[in-house]
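Q: If you scroll down you'll find the structure; I have some questions about it.
The values are calculated or read from the model by the stated rules, or taken from the named source; none is laboratory data. Source: prediction; values computed, not measured. FYI the Cβ positions are ideal-geometry reconstructions off the backbone, even for glycines, and counts take in every protein chain you see.
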Amino acid sequence: MPPLLPYLSPTIPTPKFLNMPSFPLTQQRLTLMQLADSFFPSGSFTLSHGMEAMVQRQHITSAPEVEEFLRLLLHNRVGSSDLVALVHAYRASVAQDLTEVYRADRCLFAQTVIQETREAQCKTGQALLMVAQSVWVDAQLEDLQTAIEAEQTPGCHPVIFAVVGRAGELDEGDVLLAYLHNFVTGLVGAAIRLGVLGHLRAQQLLHNLSSDLLTIATQAQITPLSEMWSCTPAIDIAQMSHRQLQARQFVN
Amino acid sequence: MVAELNRLLTVKEILPSQPHHLEVHIGLNRSGHSFVHRQYATYPFRVSRALRLDPGDTDRTYLYMMNSSPGLLAGDALRLRVTLDQKTRLYLTDQSATKAHAMAEGQRAEMHYAFEVKAGAILEFIPEPLILYRDADFSQTTQITLDPTGSLVLSEILVPGRLARGEFYQFHRYFNRMQVNTPDGELVFADTMHLSGQQNRFAASPLFAMMPILANLIVILPEVHLQSLSAALMAIPPKPECSIALSRLPNCNGLVIRAMAKSVPILKTYIHHALITIRHLSNQPTLPEIPK
């Protein structure tokens, strides 16, 4: 009986014009795309990270301001805090050391002093875990779920993302980039919905940010867990006051 | 499992184990009044005598830290330790703003605070602002060991240069890490800020800070209804030249208040009113005038 997918059969060479890499690598790439895709229902696309409050108060009114907001968040919070926990959790997950995964999780939770951000991290983390468990069969994902239910660990989104990425057999660099892509596209989408960015400008902005993403991903890989930091004073205040907005499209 | 996690989360004390330049130990006498049980200060610090600024509040001691140097200079590594015994109350402040002076490239000044607040004790630490002069490089750590029944009110005001002479983000670097742990060493929360000066690409952006002067107020009161406290603190009449918001801290019954303003007096006035509100809602005697 011929294989159902003949082009994936090890006995039949892949047509050169497709330039298709080996099956595991293709599978990895598809997993990367699936995880980074806005279609993946992790709940992170309900977040504006303070942008909605800033737009309503007219602090963000144009595409350059959206770009500045994104760069600020990426360099002064996501890269210096979330990604550091993600890298630590990924390495611990690869080493099958769940205790270290929980340590990264609890450190990130304790260093996220703004309640609105903390709650969003936990809600989206748990939503991601729920979806991931239905896609990948993995003992660590099940253990994580049990630990969250037992309140042994809070389940912050970057940490769950790290373990899901490992379960999807992505390497560290790909998990970092998938997380960043997910974060940035979510916020760019929020900017479009808030009416401060058009679709074409959104694509330019995503392209413009690519070197920033590489820079902060590289920096996060050499930052110890004990040196997480953040410094976004105006965004902190915007996030803290988000609940006081009279009409809201986003969770934070 | 939980015990194992707690052990791993036990954060090593972030202060070097070297002699302190200032040590104060607040004890409780037989009448239930807080008093300075022990104090030690060496250059550049001195400590005022224990003051009773409110004759109706003899349970509490008011102390001023005095710094006889011109400010923070390159190579300074100052260490301060303050311990509050059970049920003691201390209001601690200093005389004037701390100035971090210019330093040669590669040099910096450090300040390390260690506070221990035991069961039922109340610490209010309200220092004057920190001003970062041109070419200053300053690192500060604040390690607080807080009993679950202890209370903490701590403020900080940061001025990014001598603004009146047009000096704005001309310092090299400012690092500030505040960490609160339980007596068992478990991390309650940490707030870490790394602020670049001359290299700060966002310094002039209103999305980074709409107003130049930044402030934080940390309030941990184990027996106060946080929702009521939040509402009361947000009801303090706002000024147009400042922006203030608050949020609940992780792993404790506390709040963090972030603020920014165009001038220091606006923030000092807000913090003063916040302290009055905090004392009122936690059934403490009202805040007396703190002469400076």
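Q: Please go through the range B:201-215 and give me each residue that is assigned to a strand (DSSP E or B) and within 9 Å of chain A (Cβ to nearest Cβ), ordered by number.
A: Matches in the range B:201-215: B:Leu214 only.
Q: Which one of these is closer than 26 Å to B:Leu163 by Cβ, surrounded by 21 or more Cβ atoms within 10 Å (Cβ to Cβ), touching a residue at least 12 places away in the same chain (Cβ under 8 Å) and over 17 Å from the mean Cα position of the chain (by Cα): B:Leu207, B:Leu229, B:Leu195, B:Leu217?
A: Of the residues listed, the single one that is closer than 26 Å to B:Leu163 by Cβ, surrounded by 21 or more Cβ atoms within 10 Å (Cβ to Cβ), touching a residue at least 12 places away in the same chain (Cβ under 8 Å) and over 17 Å from the mean Cα position of the chain (by Cα) is B:Leu195.
Q: Which members of the range A:206-245 meet the condition of being aliphatic (A, V, I, L, M) and in a helix (DSSP H, G or I)?
A: Hits for the range A:206-245 are A:Leu206, A:Leu213, A:Leu214, A:Ile216, A:Ala217, A:Ala220, A:Leu225, A:Ala234, A:Ile235, A:Ile237, A:Ala238, A:Met240.
Q: What number of residues in the range A:52-69 are within 17 Å of A:Asp236 (Cβ to Cβ) and within 10 Å of chain B (Cβ to nearest Cβ)?
A: Residues that pass the stated criteria total 7.
Q: Is there a residue being farther than 27 Å from B:Pro285 by Cβ, modelled with pLDDT under 95 and of a type in the set (Asp, Glu) anywhere in the range B:39-54?
A: Among the residues of the range B:39-54, not one is farther than 27 Å from B:Pro285 by Cβ, modelled with pLDDT under 95 and of a type in the set (Asp, Glu), which makes the answer no.
Q: May I ask you to say which residue of A:Val55, A:Val87 is out of contact with any Lys or Arg (no Cβ under 8 Å at 6 or more places or on another chain) and under 25 Å from A:Glu142 (Cα atoms)?
A: A:Val87 is the lone residue from the list that is out of contact with any Lys or Arg (no Cβ under 8 Å at 6 or more places or on another chain) and under 25 Å from A:Glu142 (Cα atoms).
Q: May I pose another question? Within the range A:16-24, can one find any residue that is at pLDDT 75 or above, away from every other protein chain (no Cβ under 14 Å) and not in a loop (DSSP other than H, G, I, E, B)?
A: Within the range A:16-24 (the criterion being at pLDDT 75 or above, away from every other protein chain (no Cβ under 14 Å) and not in a loop (DSSP other than H, G, I, E, B)), the answer is no, since none of the residues qualifies.
For (1) more than 11 Å from every other protein chain (Cβ to nearest Cβ); (2) under 25 Å from A:Gln203 (Cα atoms); (3) modelled with pLDDT of 95 or more; (4) surrounded by fewer than 23 Cβ atoms within 10 Å (Cβ to Cβ), each residue gets a yes or a no:
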| site | (1), (2), (3), (4) |
| --- | --- |
| A:Phe39 | yes, yes, no, yes |
| A:Asp97 | no, no, yes, yes |
| A:Asp105 | no, no, yes, no |
| A:Ala110 | no, no, yes, no |
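Q: Can you find even one residue in the range A:98-105 that is on the phi > 0 side of the Ramachandran plot, touching a helix residue (DSSP H, G or I) at 6+ places or on another chain (Cβ under 6 Å) and either in a loop (DSSP other than H, G, I, E, B) or of a type in the set (A, V, I, L, M, F, W, C) (or both)?
A: Looking through the range A:98-105, none of the residues is on the phi > 0 side of the Ramachandran plot, touching a helix residue (DSSP H, G or I) at 6+ places or on another chain (Cβ under 6 Å) and either in a loop (DSSP other than H, G, I, E, B) or of a type in the set (A, V, I, L, M, F, W, C) (or both).
Q: Residues in the range A:232-252 that are crowded, with 24+ Cβ neighbours inside 10 Å, more than 23 Å from B:Asn200 (Cα to Cα) and within 7 Å of chain B (Cβ to nearest Cβ): how many?
A: Selection size over the range A:232-252: 1.
Q: Please go through (1) surrounded by 19 or more Cβ atoms within 10 Å (Cβ to Cβ); (2) away from chain B (no Cβ under 14 Å) for A:Leu194 and return the number of the only condition it doesn't satisfy.
A: Condition not satisfied by A:Leu194: (1).
Okay, residues lined up against (1) within 14 Å of chain B (Cβ to nearest Cβ); (2) of a type in the set (S, T, N, Q):
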| residue | (1), (2) |
| --- | --- |
| A:Val188 | no, no |
| A:Gln204 | no, yes |
| A:Thr223 | yes, yes |
| A:Ser230 | yes, yes |
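Q: Follow-up. For A:Ser134, only one of the following conditions fails: (1) touching a residue at least 12 places away in the same chain (Cβ under 8 Å); (2) more than 14 Å from A:Ala104 (Cα to Cα); (3) assigned to a helix (DSSP H, G or I). What is its number?
A: (1)
Q: Please state which one of B:Ser155, B:Ser151 is polar (S, T, N, Q), crowded, with 22+ Cβ neighbours inside 10 Å and under 21 Å from B:Gly32 (Cβ atoms).
A: B:Ser151 is the lone residue from the list that is polar (S, T, N, Q), crowded, with 22+ Cβ neighbours inside 10 Å and under 21 Å from B:Gly32 (Cβ atoms).
Q: Applying the selection to the range B:153-196, what residues are in a loop (DSSP other than H, G, I, E, B) and within 12 Å of chain A (Cβ to nearest Cβ)?
A: B:Pro160, B:Thr182, B:Glu186 - these are the residues of the range B:153-196 that are in a loop (DSSP other than H, G, I, E, B) and within 12 Å of chain A (Cβ to nearest Cβ).
Q: Kindly indicate whether B:Ile276 is β-branched (Val, Ile, Thr), under 19 Å from the mean Cα position of the chain (by Cα) and away from chain A (no Cβ under 12 Å).
A: So B:Ile276 fits the description; yes.
Q: Turning to a different aspect of this structure: Report, ordered by the first and then the second residue, all pairs with beta carbons closer than 6 Å, sequence separation of six or more or different chains, a first member in the range B:233-262 that is over 17 Å from B:Ala190 (Cβ atoms), and a second member that is small (Gly, Ala, Ser) and assigned to a loop (DSSP other than H, G, I, E, B).
A: Sorted first by the residue in the range B:233-262, then by its partner, the pairs are B:Ala245/A:Ser241; B:Met260/B:Ala209.
Q: Could I ask something else about it? On the basis of being farther than 19 Å from A:Arg243 by Cβ, facing another protein chain (nearest Cβ under 9 Å) and not hydrophobic (A, V, I, L, M, F, W, C), does B:Pro250 make the cut?
A: No, not satisfied.
Q: Return yes when B:Ala136 is crowded, with 21+ Cβ neighbours inside 10 Å and over 21 Å from B:Ile278 (Cβ atoms) and no when it is not.
A: Yes, satisfied.
Q: Assess whether B:Lys99 counts as being assigned to a loop (DSSP other than H, G, I, E, B), charged (D, E, K, R) and either at pLDDT 95 or above or touching a strand residue (DSSP E or B) at 6+ places or on another chain (Cβ under 9 Å) (or both).
A: no
Q: Let me ask something else about it. Are any of the residues in the range A:120-127 over 29 Å from B:Leu217 (Cα atoms) and within 13 Å of chain B (Cβ to nearest Cβ)?
A: no
Q: Taking B:Ile236, is it away from chain A (no Cβ under 14 Å), in contact with a Leu (Cβ under 6 Å, 6 or more places away or on another chain) and surrounded by fewer than 17 Cβ atoms within 10 Å (Cβ to Cβ)?
A: In short, no.
Q: For the range B:76-121, how many residues meet the condition of being among the basic types (Lys, Arg) and closer than 20 Å to B:Gln170 by Cβ?
A: 2
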